[in-house]
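In what follows, a structure is listed as structure tokens, so that the remarks can point back to it.
Read the figures in this text as sums done on the coordinates, not as results from a lab. Predicted, not measured: the structure shown is a model, and the values here were computed from it. Heads up, the Cβs are rebuilt from the backbone with ideal geometry, glycines too, and the neighbour counts pull from every protein chain shown.
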Amino acid sequence: MSRHVTAGTTCLNPAEGPLRIGFIGAGRLGTTLGLAFHRAGLQVTAVASASPASARRMALRLPGCETVDAQAVADRVDLVFITTPDTAIAPTAQGLRWRPGMGVVHCSGATDVDAALSAARNEGACVGGFHPLQTFADPEAAARSLSGCTITVEARDPALDGCLVALATRLGCAVNRLPPGMRARYHAAAGYGSQFINVLLAEAARLWTTWGASEAEAVRALLPLARGTLAAIEALGVAHGMPGPVSRGDLKTVQQHVTSFDEGDSQGLQAYRLLCARTVPLALQRGAIDAAMAASIQETLTTGRLKP
């Protein structure tokens, strides 16, 4: 059973014994974190899910973890991770009883902590956010690669904040602190390093198909290029690690790119113009072009012609 807790105390003090962790939600994210916590020597004791089969599968991978209902998770553990879909976080919090001093945390990148977990906070629980900047298509692979990634922590309560930072550190992760009200903007920023990469490769592959190549051939050819770019960014930074014609002031190549799009591909051309225009400030920051060249590039992107 749970430690005895009275109002004004906290369950999140390591001096009181090993932290008991529970999950409500047994999908890919919950399973990944459960595996990572277990392998870090932490005690995951209970899991619940809207899908009993998913809860059983997760519990079987975590020695000492029981499959129970959601209220039993809240009753038995010191720190609850709500890893349901985003739309279910607030209803889950509203549908359960919480104890003063326990921790209730969601793992959504975009969902506001105070709004979604207000029901738990109103009953005296400490609420927060714990969002790993990682993908979770394969929980086993994600758990193995979690070390080294960044986990964004948000918690007003100092005890919960310290607990979440300690958990992230235990997993070998860097900690990013997020002030209240910034989750949606933070999550939008994360999209540039995740699904927008898929969009960029899809656009490139679409161009490859215009001369008869397949998407698989395009991806196979472009992935080493993408890895090289990421390695350059890691070594030199965003601006100094940027390749391409704008980074070297190659106006003729930019013009050739613009005029290479088919007449019926207005959306593709619009996307190229927008993205290429965003490379100009980076080239200026790098010192590879001057203001006059930047203006010429912008004009060529707009007109498709070289400046006389």
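For the chain, the longest principal axis of the alpha carbon atoms and the long axis of helix 291-303 meet at an angle near 90°. Each residue in Ser49, Ser145 was given a count of other beta-carbon atoms within 10 angstrom of its own, and listing them fewest first yields Ser145, Ser49.
Charged neighbours of Thr31, selected by a Cβ distance under 9 Å, balance to +2 (K, R count +1; D, E count -1). Placing a label point 7 Å from the Cα of Ala53 along the Cα-to-Cβ direction, the residues of the range 61-91 with a backbone N closer than 17 Å are 61.
Grab the Cα-Cα distance for Asp265 and Gln94, subtract it from 0.36 nm times how many residues apart they are, and report the gain in nm with one decimal. Display every interim value, and only then the final one.
On the way: separation 171, 0.36 × 171 = 61.56 nm, distance 4.90 nm.
Going from the current span to full extension adds 56.7 nm.
Under a Cβ-Cβ cut-off of 13 Å, what is the net charge of the residues other than Gly244 that fall near it, where Lys and Arg count +1 and Asp and Glu count -1?
So the environment of Gly244 carries a net charge of +2.
Within the listed set Leu230, Leu42, Leu164, the Gaussian network model of the chain (springs between alpha-carbon atoms below 10 Å) gives the highest mean-square fluctuation for Leu230. Shown here: volume of the Cα convex hull per residue in Å³, derived from the displayed model; of the candidates (1) 162; (2) 139; (3) 183, it corresponds to (1).
Below 8 Å between Cα atoms, with a sequence gap of 6+, how large is the relative contact order for the chain in percent?
After rounding, I find 12 percent.
Placing a label point 7 Å from the Cα of Arg248 along the Cα-to-Cβ line, the residues of the range 274-290 whose backbone N sits under 19 Å from it are 276-277, 279-290.
Computed from Cα atoms, the angle from the helix 28-39 axis to the main principal axis of the chain rounds to 60 degrees. Among Phe23, Phe37, Phe81, the ranking by other beta carbons within 10 Å of each residue's beta carbon, starting with the fewest, stands as Phe37, Phe81, Phe23.
Please work out how much length the chain gains when fully extended from Met182 to Ala291, using 0.36 nm per residue of separation minus the C-alpha to C-alpha distance, in nm with one decimal. Mind showing how you got there, number by number?
Values: separation 109, 0.36 × 109 = 39.24 nm, distance 3.40 nm.
That works out to 35.8 nm of additional length.
The alpha carbon centroids of the range 133-170 and the range 186-230 are separated by 28 Å. When the chain is treated as a GNM, springs tying every alpha-carbon pair under 10 Å, which of Gly287, Gly34, Gly181 comes out with the largest mean-square fluctuation? Ranking Gly287, Gly34, Gly181 by mean-square fluctuation puts Gly287 first. If R0 equals 35 Å, the separation of the Cβ atoms of Trp211 and Ala232 corresponds to a calculated FRET efficiency of about 0.80.
On full extension, the segment bounded by Ala189 and Asp86 gains 35.3 nm, given 0.36 nm per residue less the C-alpha separation. So if we plug the beta-carbon distance of Asn122 and Arg39 into 1/(1 + (r/R0)^6) with R0 = 51 Å, what FRET efficiency do we get, rounded to 0.05? According to the calculation, E is roughly 0.90. Cα centroids of the range 30-70 and the range 243-267: 51 Å apart.
Counting neighbouring beta carbons within 10 Å and listing from fewest to most, the residues Met58, Met242, Met182 come out as Met182, Met242, Met58.
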